[in-house]
Amino acid sequence: MTDSTHQVDLLTGHRRMRRNRKADWTRRMVRENSLTVDDLIWPIFLVPGTGISEPIAAMPGVMRLSVDKAAEAAREAADLGIPALATFPNIDSALRDETGSNSLSGDNLINQATRAIKKAVPNIGVITDVALDPFTSHGHDGILRDGEIINDETVAQIARAAVIQAEAGSDIIAPSDMMDGRIGAIRQALDAAGHQSVGIMAYATKFASAYYGPYREAIGTGGLLKGDKKTYYIDPANATEAMRDAALDVEEGADMLMVKPGLPYLDICWRMKEAFGLPVFAYQVSGEYTMIKAAAANGWIDGERVMLETLLAFKRAGCDGILSYFAMDVARLLAKR
Ligand code: PBG
């Protein structure tokens, strides 16, 4: 033993963290978390028409798909082992109105897509959103009257929309609107209509975030939205309030919880998992995706490694899965390994 080794041993008391890191095989042996295809939920954007797959400028690599293309994409996703899709429609602007009435049509874009996907690929899960923002002329998630988002009327409407989505074949209703009391109302409405096995993934903690910008371009609400969503989404400064909000969703019957956005809110993921023990999902939102893509496109980061490290971080923070626009890229990478 050299003198300097002796010195270090005195300080570490022979505890050397690097022994377990010395080779690839030791690192694999002690690895605590891993990312698998089962952790991935793939959000997709829908457009009317057929044969359409159109790029979204602010989300390089992400397409808006017509219903037929969405069914093809679902087939590819299922073949790679992705358990579920989440669909978001960019409907004709002529169909958007003050109250988002098209959300109640059994044949609207989102319900058409659910039917087509479930018919083509029965073994992939379809998760649908009941928030009104894709359907309103003002881009808000609820009914807007005299500058106010009317809570209870919105809840009544989205509970009806949830039943219509379940009738189209949706497996899990995921309400992203953050109205008070929506989880209980949706549960009641689903049960009353005989949809006991349709689940609810609560956007339990959705923050009033700047990270949603590219999504609003994707569904065409960017130019429409007047004001902001601060009267219904959670203030990014508040964690205790977020936990109270999530607790209500649990009480009202949520089967799964979601944290949105993802990476800036890993503390919330961890706390929710610890507090409730329900399955917890993070939504790595459009802005998070775009930042990685933009930096990688400039050669400033290794996009593939940052993508994988970021998704693994969600697992370490206690998440059971991640909604990610990277889902297909990751599934293809994992399949090669
Ligand atoms: C609104 C909704 C949002 C997202 C999905 N549904 C946020 C918003 O536009 O305010 C964001 C998804 C993303 O950024 O990837 N109900």
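The values are calculated or read from the model by the stated rules, or taken from the named source; none is laboratory data. Here the structure is a predicted model, which means the values were calculated and not measured. So basically every Cβ, Gly included, is an ideal-geometry build from the backbone, and we count neighbours across all protein chains shown.
Brief remarks follow.
- Hey, I127 in contact (Cβ under 8 Å) with a residue 60 or more places away in the chain, within 16 Å of the ligand (Cβ to nearest atom), in contact with an Asp or Glu (Cβ under 9 Å, 6 or more places away or on another chain) and closer than 22 Å to S197 by Cα or not: yes
- Matching entry among Y211, Y215 (being in contact (Cβ under 8 Å) with a residue 60 or more places away in the chain, surrounded by 21 or more Cβ atoms within 10 Å (Cβ to Cβ) and touching a Pro at 6+ places or on another chain (Cβ under 6 Å)): Y211
- The condition of being closer than 23 Å to L311 by Cβ, at pLDDT 95 or above and in contact with a Pro (Cβ under 9 Å, 6 or more places away or on another chain) does not hold for D24.
- Residues of the stretch 223-238 classified as surrounded by 14 or more Cβ atoms within 10 Å (Cβ to Cβ), assigned to a loop (DSSP other than H, G, I, E, B) and in contact (Cβ under 8 Å) with a residue 24 or more places away in the chain, total: 7
- Filtering the stretch 44-67 to residues that are closer than 15 Å to I117 by Cα and of a type in the set (A, V, I, L, M, F, W, C) leaves I44, F45, L46, V47, L65, V67.
- Residue-level check: of (1) surrounded by 17 or more Cβ atoms within 10 Å (Cβ to Cβ); (2) out of contact with any strand residue (DSSP E or B) (no Cβ under 9 Å at 6 or more places or on another chain), P122 misses just (1).
- Exclusive hit being closer than 19 Å to Y325 by Cβ and either out of contact with any Pro (no Cβ under 9 Å at 6 or more places or on another chain) or within 16 Å of the ligand (Cβ to nearest atom) (or both), set A168, A156, A84, A161: A84
- Evaluation of A58 against the conditions (1) free of Cβ contacts under 8 Å to residues at least 12 places away in the same chain; (2) of a type in the set (A, V, I, L, M); (3) under 28 Å from K315 (Cα atoms) shows that the sole unmet condition is (1).
- Each residue in the stretch 89-118 was checked for being part of a loop (DSSP other than H, G, I, E, B) and either within 21 Å of D39 (Cα to Cα) or more than 15 Å from the ligand (Cβ to nearest atom) (or both), and 7 pass.
- Selection count, the stretch 210-238, where residues are modelled with pLDDT of 95 or more, under 19 Å from the mean Cα position of the chain (by Cα) and more than 8 Å from the ligand (Cβ to nearest atom): 5
- From the options Y203, Y283, residue that is within 18 Å of V155 (Cβ to Cβ), modelled with pLDDT of 95 or more and touching a Lys or Arg at 6+ places or on another chain (Cβ under 6 Å): Y203
- Each residue in the stretch 79-112 was checked for being crowded, with 19+ Cβ neighbours inside 10 Å, within 18 Å of the chain's Cα centre (by Cα) and of a type outside the set (V, I, T), and 6 of them qualify.
- Of all residues in the stretch 34-50, those satisfying the criterion of being within 17 Å of the chain's Cα centre (by Cα) and under 30 Å from T221 (Cα atoms) are D39, L40, I41, W42, P43, I44, F45, L46.
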